[in-house]
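Q: Shown below is the structure under consideration.
Each value in this text was obtained by applying a stated rule to the coordinates, not by laboratory testing. Just so it is clear, the structure is predicted and the values come from calculations on it, not from any experiment.
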Amino acid sequence: MTAVYLTQGDDVEVLQRQIGGLVGERQVLRAAAADRDALEQNRREIADLQQRLSLALIARHLVPAPSPAF
């Protein structure tokens, strides 16, 4: 399994739209009886974006640790 990292430009809303586009593409592929390789590539792209979305949501809602007092 390849590690996925949050990139500087990852925005929650943009990632959600991209996932929605890929899901729509997947529906078209399935309706057209696309080959296994095309469906697998689409699935991997969706999974990658979902992982990046998870990281973006964590980053958005993460409360920074307090600085140590000296």
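Q: Select one label from (i) 21, 49, 18, 9, 3; (ii) 16, 32, 36, 15, 1; (iii) 18, 38, 25, 11, 5, 2, 0: the one whose number is P(r) over Cα pairs in 10 Å bins from 0, in percent as derived from the coordinates shown.
A: Of the listed options (i) 21, 49, 18, 9, 3; (ii) 16, 32, 36, 15, 1; (iii) 18, 38, 25, 11, 5, 2, 0, (iii) comes from this structure.
Q: How far, in nm, would the chain grow between Asp10 and Leu57 when pulled straight, counting 0.36 nm per residue and subtracting the alpha carbon separation?
A: Contour length minus the Cα-Cα distance gives 15.9 nm.
Q: Report, in deg cm²/dmol and to the nearest 500, the calculated mean residue ellipticity at 222 nm for the chain, where each DSSP H run with n ≥ 4 adds -39500 (n - 2.57) and the sum is divided by the residue count.
A: So the helix-based figure for the chain works out to -23000 deg cm²/dmol.
Q: With axes computed from alpha carbons, what is the tilt in degrees of helix 12-31 against the longest principal axis of the chain, rounded to the nearest 10 within 0 to 90?
A: It works out to around 20 degrees.
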